[in-house]
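Quick notes on the structure that follows.
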Amino acid sequence: MLRGSFRLFAPILAVALFAVQPAAVFAQDGAAAIDGLSLPGISSFASPRGDEPLATGALGEITLTAQLTDKGSDIGRGLVWRVFRPEAGPDGKLPLVASAQGGTSMFQLPPGSYLVHASYGRAGATKRITVGKQGKRESLVLDAGGLKLDAVLSGGVRIPPAKLKFSIFEGDSTSDGERALIIPNVAPNSVVRLNSGTYHVVSTYGSVNAVIRSDIRVEAGKLTEATVEHRAADVTFKLVREAGGEAIADTSWSVLTESGDPLREAVGAFASMVLSEGDYTIIAKNRDRIYQRDFTVVAGRNQDVEVVASEDAAIDPNEGAD
């Protein structure tokens, strides 16, 4: 019942595109191993202590820059920098000693060893640095690119953005066949920054069964634009006493698949939903009467389905009972 197609546009250079002001910046989840020491999830580091000022003794100056690729230009905005002490505290967390947002950033820190983490959207990298008395410069290569997702109906018809959403999962599945969710509810035509690699993308049109799954590769320093084609349509049901008549209120609706499995229920004079192309049965219940009708969804063809409250459409509620 789940049908559709997938089109992947060739990645294009997009360093300039990544410089747009982000609506929100998120740190990368998960751990990044550095010389056997794991960086904790961003939610589990220790906040800087107010009773431990950094301006004690001589401070070293270090400038941090980040690039999408090893030959890319410096990222000018949208970065989140976090500097940690490399030894975990009594609570088992790496103490956060400094942070900054924007592009290239300069920190003044006591000489010593640190772990620095740079996040750019959902892309990120971690590096061990050493601060001395002499100023120095360190660069982090994020090995990241961008992903821009959209979907259309048959014939290239646009889908209302409010009815469309994407979820991005890790490309590899676990031993139980599950994939880790990276980002849910991604709006169409928004640029998501990700580390290079293959991701599993789920496109959902409506909230019933119009779902398309695709594996998409993100390349470092490039913007990958992907468009999927949903073979589905928007269907509105109403119970009427005669063809073209007014909808009868207080009606309960049940949509069944071609094999008779329940798919979706609703209540009201009108019931609207997006369904994947195929054959279905709609059952309408009003008071103590039950009516049904078979119908077919054609991809890209929105339609109103009327169920006429007639004896021909009525079914016995006790049918099949012992």
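Within segment 223-233, the set of residues being crowded, with 21+ Cβ neighbours inside 10 Å and either among the β-branched types (Val, Ile, Thr) or more than 19 Å from the chain's Cα centre (by Cα) (or both) comprises THR224, VAL228, ALA232, ALA233.
So which residues in segment 275-288 are over 37 Å from the mean Cα position of the chain (by Cα) and surrounded by 15 or more Cβ atoms within 10 Å (Cβ to Cβ), if there are any at all? Selection gives LYS285, ASN286. Residues of segment 272-281 include at least one that is in a loop (DSSP other than H, G, I, E, B), in the same structural domain as LEU256 (by TED's automatic domain parsing) and at pLDDT 95 or above.
Could you please give the count of residues in segment 58-75 that are farther than 17 Å from TYR114 by Cβ and surrounded by 15 or more Cβ atoms within 10 Å (Cβ to Cβ)? Total meeting the criteria: 5.
Remark: pairs (first residue in segment 151-166, in contact (Cβ under 8 Å) with a residue 12 or more places away in the chain; second residue acidic (Asp, Glu) and in a strand (DSSP E or B); Cβ separation under 6 Å; 6+ apart in sequence or on different chains) = VAL152/GLU229. On the stretch given as segment 289-314, residues that are acidic (Asp, Glu), at pLDDT 95 or above and exposed (fewer than 15 other Cβ atoms within 10 Å of the Cβ) total 2.
Only one of the numbered conditions (1) free of Cβ contacts under 8 Å to residues at least 60 places away in the same chain; (2) of a type outside the set (A, V, I, L, M); (3) within 30 Å of SER173 (Cβ to Cβ); (4) buried (at least 20 other Cβ atoms within 10 Å of the Cβ) is violated by ARG264, and that is (4).
Examine segment 142-159 for a residue that is closer than 27 Å to LEU94 by Cβ, touching a Leu at 6+ places or on another chain (Cβ under 9 Å) and part of a strand (DSSP E or B), and state whether such a residue exists. So far as segment 142-159 goes, yes, one or more of its residues are closer than 27 Å to LEU94 by Cβ, touching a Leu at 6+ places or on another chain (Cβ under 9 Å) and part of a strand (DSSP E or B).
The values are calculated or read from the model by the stated rules, or taken from the named source; none is laboratory data. Note that this is a predicted model, so its numbers are computed, not measured. Quick reminder, even Gly has a Cβ in these numbers, built from the backbone with ideal geometry, and neighbours come from all protein chains shown.
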